[in-house]
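Peer 1: For reference, the structure I am asking about is given below.
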Amino acid sequence: MMLSLQDQSLLANLGVFLVGAGMVWFAGTKLSQYVDLFADRTGMGKAFAGALLLGGATSLPELATTLTSASSGAAELAGTNLLGGVVMQVAVLAIIDAFVLRGKPLTLFSPQSSLLISGVLLIGLVALASAAVSNGELFSIFDVGFWPLALFAAYLFSIWVIYRYEGDPRWEPRGDIAQPPESARDLKDAHEHKFQDVSTGKLIALFALASLAVLGGGFVVAKSGEAIANQSGLGQSFIGATLVALATSLPEVSTTYSAVRFGAYSMAAANILGTNSLEIALFLPAELAYREGNIIDAVPPSAAFLGCLGIVVTSLYLWGILERRDRTILGMGYDSFTVLLTYVGGLAIYWML
């Protein structure tokens, strides 16, 4: 596929890219519905289900992009896609807030302390990844660098902490808990009625099929994105941080959109935070696939700037969840508005870097 894409015109590769992105979007719209039903039937916490199941499934395009890019030697594209995806996917929350949940901030409906735990742990993971990219690899163990192993271990630890904490939260928010709009509850009731005769086993099978479709679309996006980077002259770093990161964020857009429409606001936020945590863990698969040295050494130090942007926008949403301000600007929460400004301004600075 790689040779045929490189031989095609830029316009043709853009068409292939759009087809892959369409596959990712369609399958992604189904994932949050299946996970929401599964969480209700099993009693699994919505935040944990969003972080582990939904976050894992929607990270499959990032996995496909990372493995294909790293194995073909495009380590710069792989690394910037991972760190750029963290910023991109937090911006997804702001976009959903602006165009789906107009009139009320998204963070007003997400008063779960487990989301704060997820966000704090994510900041720690991104900070570690930024430090790794800035300083380079320290040493290798059987040709596998220390940093990818450390980042993967830190991710597993964060999942364990979230699971343990959600089962026994130590504090609850004070004040009134805002309720989802009637339209969201009606949609959720209609969806539950539609799947009431579908067994949990079949639900798991449908989830697996949608996940495979997301993975296939992600592979197409990765290959066509690499070809576009080479043909357009924009370079792997900028294409990885923008176009490829956007396309591989489509599952997060579609699943977050569906979750918000059903009123599963905590799951929507947990999906983004969980996906971003897994983004950092994917440095280990990238290391295993990249055979020209250590992946950390091949990622440009300027990519650490993307990690710093990820820390800033995540902090803004933690602020929003803590404060729960019931005010909006241009139809979105103050936190979402600030996230979008930070994202656009940050990309402009990164382009100059």
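What follows is calculated from the coordinates using simple rules that are stated; it is not laboratory data. All figures in this text were calculated on a predicted structure; none of them were measured in a lab. Using ideal geometry, Cβ is built from the backbone for each residue, glycine included, and neighbour counts are taken over all protein chains shown.
Peer 1: Which of 344, 19 comes first, and how do the rest follow, when ranked by fewest Cβ neighbours within 10 Å?
Peer 2: 344, 19
Peer 1: Let me ask something additional. Provide the net charge surrounding residue 129, with neighbours chosen by a C-beta distance below 13 Å and charges set as Lys +1, Arg +1, Asp -1, Glu -1.
Peer 2: -3
Peer 1: Taking H placed 1.01 Å from N in the peptide plane, check which residues at least 5 places from residue 333 or on another chain put their amide H under 5 Å from its amide H.
Peer 2: 106
Peer 1: Using 0.36 nm per residue of separation minus the Cα-Cα distance, give me the extension gain between residue 209 and residue 41 in nm, one decimal.
Peer 2: Values: separation 168, 0.36 × 168 = 60.48 nm, distance 1.97 nm.
Residue separation times 0.36 nm, minus the Cα-Cα distance, leaves 58.5 nm.
Peer 1: With θ set to phi - 60°, apply the Karplus curve 6.51 cos²θ - 1.76 cosθ + 1.60 along the stretch 328-344 and write out the HN-Hα couplings as whole Hz, x wherever there is a Gly or Pro.
Peer 2: 10, 9, 6, x, 10, x, 4, 5, 5, 4, 5, 4, 5, 4, 5, 5, 5
Peer 1: If you don't mind, there's one more thing I want to ask. Give me the distance between the Cα centres of the stretch 122-146 and the stretch 14-34, rounded to whole Å.
Peer 2: 31
Peer 1: Follow-up. So if each residue of separation counts as 0.36 nm, and I subtract the Cα-Cα distance between residue 297 and residue 232, what length gain in nm does that give?
Peer 2: My answer for the length gained is 20.9 nm.
Peer 1: Now, a different point. If I model a spin label as a point 7 Å beyond the Cα along the Cα-Cβ vector, how far apart are those points for residue 8 and residue 138 in nm?
Peer 2: Computed distance between label sites residue 8 and residue 138 equals 4.4 nm.
Peer 1: How far apart, in nanometres, would the label points at residue 150 and residue 198 be if each is projected 7 angstrom from Cα along the Cα-to-Cβ direction?
Peer 2: Simple spin-label model gives 4.4 nm for this pair.
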